[in-house]
Amino acid sequence: MRWLLTSVIAIGLLAGCGKKEGANSPQAHPPAEVTVIKVTPRDTAVGFEYVGQTESSRQVEIVARVNGFLEKRVYQEGTLVRAGQVMFRQDPKPFQAALDSAKAALAQQDARLQVARSNLERVKPLAAKNALSQKDLDNAIGQDQSAAAAVESAKADVDQAQLNLGYTTIFTPVTGLSSYARVNDGSYIQPSNSLLTYVQQVDPIYVNFSVSENDMLRVRNEERSGQLRMPKKDAYEVQIQLGDGSVYPQRGLITFADADFNQQTGTFLIRATVKNPDAGLRPGQFVRVRVEGFVRPNAILVPQRAVLQGAQGQFVWIVDKDSKVEPRPVEVGSWQGDDWFITRGIAAGDVVVVDGVLRLGPGAPVKVVERSAESEAGAKPGSVSGKVQTEKK
């Protein structure tokens with residue numbers, strides 16, 4: 001019995017020693033499979049995004065010019081109205097009566113003028129023969145001139161009465177979106193309530209946004225250092241992104257930059273003008289504004305997932321000629337789609353690991369493989385696939 005127990009213990013010890021030795025024996029690990037890009041600097045179009053708000057390019061107050069009763073609102077509130085379209089009508093009868101009275105007064109003054117001129121024609125030859133005094137001639141001339149002046153005054157009264165009658169039909173001078181009526185039908189219009197509604201022109205429409213002083217200075221410094229190139233003749237294009245993320249089909253141009261610096265907000269006001277034929281943009285909307293036209297010459301981009309954060313800062317894995325990887329510290333700039341701009345640390349021709357970075361260590365051998373179809377399909381526009389790509393407009 002003792003012999004059997006001793007044999008079992010010996011076999012267990014031998015088995016334990018065998019497992020320990022197997023655990024400590026070195027095992028060969030295969031090279032990690034990675035996907036890479038070869039860095040190729042190239043000119044890259046870039047844009048800058050801001051928050052903007054739309055504004056009517058021309059807001060017109062529709063105001064009654066004469067006092068009187070509002071007979072009818074003709075337009076449909078909130079609709080697009082065309083220049084010259086009738087919006088309101090006032091009661092024209094009092095103004096028509098005033099016009100008729102002015103015309104009658106003009107006819108009366110015309111008759112007086114004819115009498116005065118006939119009298120003058122009779123007085124002139126008699127005065128020439130000294131049959132009448134000079135005073136009689138002067139009186140006749142004065143009556144003729146007074147009658148002529150009265151006719152001109154009566155004509156002016158007719159013109160004013162005609163204008164007042166025309167003012168009872170109220171038009172819109174611009175094409176735009178109408179607001180609601182401020183005065184109800186049947187109300188008496190006078191200076192205190194003469195504002196009837198607004199019409200806001202929306203084609204074209206303005207988009208206002210602000211650029212901070214720091215952004216303005218940064219762009220100027222990058223231009224001086226050659227890191228950023230401006231468009232010729234300052235032909236900046238503006239792309240509008242709506243609240244749901246969709247891009248508005250019409251592009252705009254920057255048409256105004258305020259020379260004054262807003263000390264309260266620390267920004268400069270910039271305005272873009274955008275065509276808006278279908279009134280897809282309405283005044284007061286908040287939108288995202290992307291200003292395009294800038295180019296970064298000889299820019300280097302790598303996918304964001306290739307850049308890691310270490311204890312000493314950000315770095316990437318570089319594959320050397322022996323198919324081994326080493327960490328390379330880098331300085332990153334702004335984003336470009338799914339990529340980082342690299343401002344320092346990478347040069348043309350460097351091979352950067354994109355996928356498989358978490359399994360790597362310094363000096364580890366790697367095996368470069370082609371990117372999978374799923375990875376290619378999932379890449380967003382503007383990302384790098386095998387090379388640095390220029391952003392497409």
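The values are calculated or read from the model by the stated rules, or taken from the named source; none is laboratory data. These figures come from a predicted structure and were not determined experimentally. In this analysis, Cβ positions are derived from the backbone assuming ideal geometry, glycine residues included, and neighbour counts consider all displayed protein chains.
Here are some notes:
- From the options V295, V352, V316, residue that is assigned to a strand (DSSP E or B), at pLDDT 90 or above and touching a Gly at 6+ places or on another chain (Cβ under 8 Å): V316
- Among residues that are more than 30 Å from S187 (Cα to Cα), surrounded by 16 or more Cβ atoms within 10 Å (Cβ to Cβ), of a type outside the set (K, R) and under 60 Å from the mean Cα position of the chain (by Cα), A150 is included.
- If the condition is being outside any loop (DSSP other than H, G, I, E, B) and not β-branched (V, I, T), then region 319-334 contributes K324, E326, P327, R328, P329, E331, G333, S334.
- Of note, E370 satisfies the criterion of being farther than 30 Å from P204 by Cβ and at pLDDT below 90.
- V330 out of contact with any Gly (no Cβ under 6 Å at 6 or more places or on another chain) and surrounded by 15 or more Cβ atoms within 10 Å (Cβ to Cβ): no
- Residue in region 67-78 that is under 39 Å from the mean Cα position of the chain (by Cα), farther than 30 Å from V211 by Cβ, surrounded by 15 or more Cβ atoms within 10 Å (Cβ to Cβ) and of a type outside the set (S, T, Y) present: yes
- Every residue from region 46-65 that is surrounded by fewer than 18 Cβ atoms within 10 Å (Cβ to Cβ) and either over 26 Å from the mean Cα position of the chain (by Cα) or within 30 Å of R229 (Cβ to Cβ) (or both): G47, F48, E49, V51, Q53, V63, R65
- Hits in region 318-375 (condition: more than 21 Å from R42 (Cβ to Cβ) and acidic (D, E)): D320, D322, E326, D355, E370, E374
Residues are listed down the side, and each one gets a yes or a no for (1) in contact with a Leu (Cβ under 6 Å, 6 or more places away or on another chain); (2) within 30 Å of E77 (Cβ to Cβ); (3) surrounded by fewer than 13 Cβ atoms within 10 Å (Cβ to Cβ):
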residue: S212; (1), (2), (3): no, no, no
residue: D215; (1), (2), (3): no, no, no
residue: K232; (1), (2), (3): no, no, yes
residue: Q239; (1), (2), (3): no, no, no
residue: T267; (1), (2), (3): no, no, no
residue: I270; (1), (2), (3): no, no, no
residue: D278; (1), (2), (3): no, yes, yes
residue: R290; (1), (2), (3): no, no, no
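- Applying the condition of being surrounded by fewer than 17 Cβ atoms within 10 Å (Cβ to Cβ) and touching a residue at least 12 places away in the same chain (Cβ under 8 Å) to region 89-104 and asking which residue is nearest to V158 (Cα to Cα) yields K103.
- E326 being more than 40 Å from the chain's Cα centre (by Cα), in the same structural domain as V36 (by TED's automatic domain parsing) and not β-branched (V, I, T): yes
- Flag if R220 is of a type in the set (K, R) and in contact with a strand residue (DSSP E or B) (Cβ under 7 Å, 6 or more places away or on another chain): no
- Residue match in region 128-150 (condition: modelled with pLDDT of 95 or more, acidic (D, E) and not assigned by TED's automatic domain parsing to the domain that holds I240): no
- Residue in region 164-173 that is out of contact with any helix residue (DSSP H, G or I) (no Cβ under 8 Å at 6 or more places or on another chain), within 30 Å of Q201 (Cβ to Cβ), of a type in the set (S, T, N, Q) and not in a helix (DSSP H, G or I) present: yes
- Lone qualifier among G78, G68, G84, G52 - being touching a residue at least 12 places away in the same chain (Cβ under 8 Å) and assigned by TED's automatic domain parsing to the domain that holds V219: G52
- Of all the listed residues (K135, K155), the sole one being out of contact with any Lys or Arg (no Cβ under 6 Å at 6 or more places or on another chain), more than 30 Å from Q96 (Cα to Cα), basic (K, R) and without any contact (Cβ under 8 Å) to a residue 60 or more places away in the chain is K135.
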